[in-house]
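The values are calculated or read from the model by the stated rules, or taken from the named source; none is laboratory data. Small disclaimer: the values here were computed from a predicted structure and weren't measured. Cβ placement follows ideal geometry from the backbone for every residue including glycine, while neighbour counts extend to all protein chains displayed. For the accessible areas, the whole protein counts, side chains as well, though only heavy atoms, and no ligand, DNA or RNA atoms are used. Shrake-Rupley method; radii C 1.70, N 1.55, O 1.52, S 1.80 Å.
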Amino acid sequence: MAVVNWLKRHFVVIAGLVTLAYLLLPNVVVTVFSFNRPKGRFNYEWQEFSTDAWRDPCGVSGLCGSLSVSLQIAFWATLGATLLGTLIAFALVRYRFRARGAINSLIFLPMAMPEVVMAASLLTLFLNMGAQLGFWTILIAHIMFCLSFVVTAVKARVMSMDPRLEQAAQDLYAGPVQTFLRVTLPIAAPGIAAGALLAFALSFDDFIITNFNAGSTVTFPMFVWGSAQRGTPVQINVIGTAMFVVAVLFVLASMAVGNRRKKQKA
Amino acid sequence: MATLTEAPPPLTPAAPEKKTKPPRRRGRLVPYWLLLPGILWLLVFFALPMVYQASTSVQTGSLEEGYKVTWHFATYWDALSEYYPQFLRSVLYAGSATILCLLLGYPLAYLIAFRAGRWRNLIMILVIAPFFTSFLIRTLAWKTILADGGPVVGALNTLHVLDVTSWLGMTQGDRVLATPLAVVCGLTYNFLPFMILPLYTSLERIDPRLHEAANDLYARPVTTFRRVTFPLSMPGVVSGTLLTFIPATGDYVNADLLGSTDTRMVGNVIQSQFLRILDYPTAAALSFILMAAILVMVTVYIRRSGTEDLV
């Protein structure tokens with residue numbers, strides 16, 4: 001009975017931790033199997049410990065090339081989507097104008113559409129225009145689907161901003177440009193950064209839309225997809241592990257910066 | 001459609017819009033200049049492609065001779081009658097995954113919002129970090145986890161879980177890979193963060209004093225949850241289920257990597273029609289039917305779930 005009572009009292013904690021374990025289990029497997037030395041093509045069964053793959057992550061032809069393609073696309077897509085998205089977010093929060101409802105819908109719809117529908121329709125457009133599928137069509141597609149997410153992230157931040165701060169700046173004789181650069185932009189920056197980070201993650205990891213519009217260009221997710229059929233090299237697990245570690249460190253660092261700011265304010 | 005488009009952004013907590021007039025600016029055209037580049041992008045690369053797809057779906061012809069618009073609506077009927085099993089399967093798998101995500105995600109979101117204390121940030125990072133690592137690599141890892149004769153399948157066998165799932169048609173014999181169960185497991189895994197984050201945002205906004213009040217009024221924990229916490233978290237439940245169900249219905253990655261030819265979903269059909277068979281009219285029609293089906297289901301769902309602030 002004691003056990004049952006204990007389980008009852010801590011039900012939420014136990015169930016929550018089980019879910020967390022379910023979420024992290026694949027990451028653990030990816031990390032462990034990055035130290036495997038597989039026999040044959042597939043890296044699905046544990047054979048013996050080895051650090052070969054870590055010492056030579058680019059040892060598989062095409063892997064690091066695809067990584068660099070993905071990084072380039074993610075960089076430019078983030079830049080484009082963040083720029084366009086921030087402008088839209090400011091317009092939507094700061095101004096009342098006609099067609100506001102229609103524009104809100106146009107921004108919401110890409111997020112409510114299954115990716116395969118967007119991917120397929122974009123492909124029909126490119127085929128009809130006779131566009132050469134490759135780097136540029138991927139970039140266009142990525143900016144398109146990242147845009148809505150940036151708008152939502154920036155909008156949330158700008159909405160919670162006190163307009164009196166800008167009025168105060170203007171009362172102190174700051175010009176519009178000065179007000180924007182010294183007051184508005186710094187306050188909106190966390191929202192813009194969050195939007196940019198999200199855009200980068202979405203673009204870097206996108207498979208479905210890229211699969212339709214890539215032509216013969218191979219991004220990292222495309223490389224992983226292809227290798228799943230041919231036999232996955234251990235190096236893919238190395239990259240997966242490295243990405244996880246970098247992501248955790250990055251978030252930890254950004255939180256440390258945030259904490260220091262809070263302390264400075266106090 | 002109108003109800004869908006009025007919904008607030010799903011992933012971020014929407015602050016109530018201020019009713020006060022925004023500061024006046026010179027030039028009434030300013031907002032239009034700000035909007036122009038981004039909206040143009042969406043019109044040309046999101047709205048226009050939909051029009052092209054609509055026109056492709058009513059074309060006939062062949063790849064060699066070219067396609068012409070002949071208003072051949074029968075393509076829709078043919079596609080639907082040939083591929084309705086895949087449609088049903090998509091809805092079934094995505095629906096099961098959504099329910100599992102809700103059951104699994106709710107306790108974790110609750111844990112982060114109310115119980116985690118100083119562990120909150122760490123758990124948050126562990127939920128978000130997988131977002132930044134390739135989901136394809138993680139999905140492939142499920143092949144190792146669910147491998148025939150592996151520890152997971154062995155345990156499920158000893159506990160006679162596989163007997164039950166086999167009887168339900170979710171597995172075959174003593175394997176999990178290449179069965180519907182594996183696909184649903186992958187879908188649940190892939191879209192779980194999309195459930196947890198909106199749930200967390202809506203739970204976090206609940207005033208803990210409401211729990212104390214319910215407690216003071218002699219409500220047992222279960223009653224407090226049923227009458228106070230859960231109703232107040234409905235916006236999170238609705239946006240979480242939508243964020244899980246919509247992408248899961250169109251997904252073809254899980255069905256391809258973890259399933260077999262018997263688990264093909266509508267996304268798999270669209271993908272192979274477009275990229276391998278090159279039958280563009282059928283593919284376009286299928287993708288339109290999928291879009292329409294999802295819009296209808298989502299609209300009905302939002303109406304019925306009755307969360308005012310989402311409609």
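Points to keep in mind about this one:
- Top-ranked residue in the stretch B:95-125 [being in contact (Cβ under 8 Å) with a residue 60 or more places away in the chain and within 14 Å of residue A:14 (Cβ to Cβ); ranked as surrounded by the most Cβ atoms within 10 Å (Cβ to Cβ)]: B:108
- Hits in the stretch B:128-181 (condition: within 23 Å of the chain's Cα centre (by Cα) and open to solvent by 20 Å² or more (accessible area, probe 1.4 Å)): B:128, B:131, B:132, B:135, B:138, B:143, B:170, B:177, B:178, B:180, B:181
- Within the stretch B:203-255, the residues that satisfy the criterion of being more than 14 Å from chain A (Cβ to nearest Cβ) and open to solvent by less than 60 Å² (accessible area, probe 1.4 Å) are B:206, B:207, B:213, B:214, B:219, B:223, B:228, B:234, B:235, B:236, B:237.
- Residue satisfying all of: in the stretch B:270-283; more than 10 Å from chain A (Cβ to nearest Cβ) and farther than 19 Å from residue B:73 by Cα; least open to solvent (accessible area, probe 1.4 Å) among these: B:272
- Selection count where residues are of a type in the set (A, V, I, L, M, F, W, C), farther than 18 Å from residue B:253 by Cα, without any contact (Cβ under 8 Å) to a residue 40 or more places away in the chain and open to solvent by less than 10 Å² (accessible area, probe 1.4 Å), scope the stretch A:113-134: 1
- Condition broken by residue A:237, with the remaining ones in (1) more than 24 Å from residue A:72 (Cβ to Cβ); (2) within 11 Å of chain B (Cβ to nearest Cβ) satisfied: (1)
- Residues that are under 24 Å from residue A:32 (Cβ atoms), out of contact with any Gly (no Cβ under 7 Å at 6 or more places or on another chain) and of a type in the set (Gly, Ala, Ser), drawn from the stretch B:127-182: B:129, B:141, B:147, B:149, B:150, B:154, B:155
- Any hit, the stretch A:82-101, residues being at the interface with another protein chain (Cβ under 9 Å from one of its Cβ atoms), touching a Cys at 6+ places or on another chain (Cβ under 8 Å) and either open to solvent by 50 Å² or more (accessible area, probe 1.4 Å) or touching a residue at least 12 places away in the same chain (Cβ under 8 Å) (or both): yes
- Qualifying residue in the stretch B:72-80 (condition: outside any helix (DSSP H, G or I), among the aromatic types (Phe, Trp, Tyr) and in contact with a strand residue (DSSP E or B) (Cβ under 9 Å, 6 or more places away or on another chain)): no
- Reported count of residues in the stretch B:37-71, each being part of a strand (DSSP E or B) and facing another protein chain (nearest Cβ under 7 Å), is 0.
- The residue that is most open to solvent (accessible area, probe 1.4 Å), among those in the stretch A:211-242 that are hydrophobic (A, V, I, L, M, F, W, C) and more than 30 Å from residue A:132 (Cβ to Cβ), is A:242.
- Sole exception among (1) exposed (fewer than 13 other Cβ atoms within 10 Å of the Cβ); (2) in contact with a Gly (Cβ under 9 Å, 6 or more places away or on another chain); (3) of a type outside the set (Lys, Arg) for residue A:49, by number: (2)
- In the stretch A:24-44, the residues that are of a type outside the set (S, T, N, Q) reach residues that are part of a helix (DSSP H, G or I) and open to solvent by 50 Å² or more (accessible area, probe 1.4 Å) with C-beta atoms within less than 8 angstrom, at least six apart or across chains, in these pairs: A:35/A:54; A:37/A:52; A:41/A:230.
- Matching helices (runs of 4 or more DSSP H) fully within the stretch A:160-221 where at least 3 residues are touching a Lys or Arg at 6+ places or on another chain (Cβ under 8 Å), in contact (Cβ under 8 Å) with a residue 24 or more places away in the chain and among the aliphatic types (A, V, I, L, M): A:185-205
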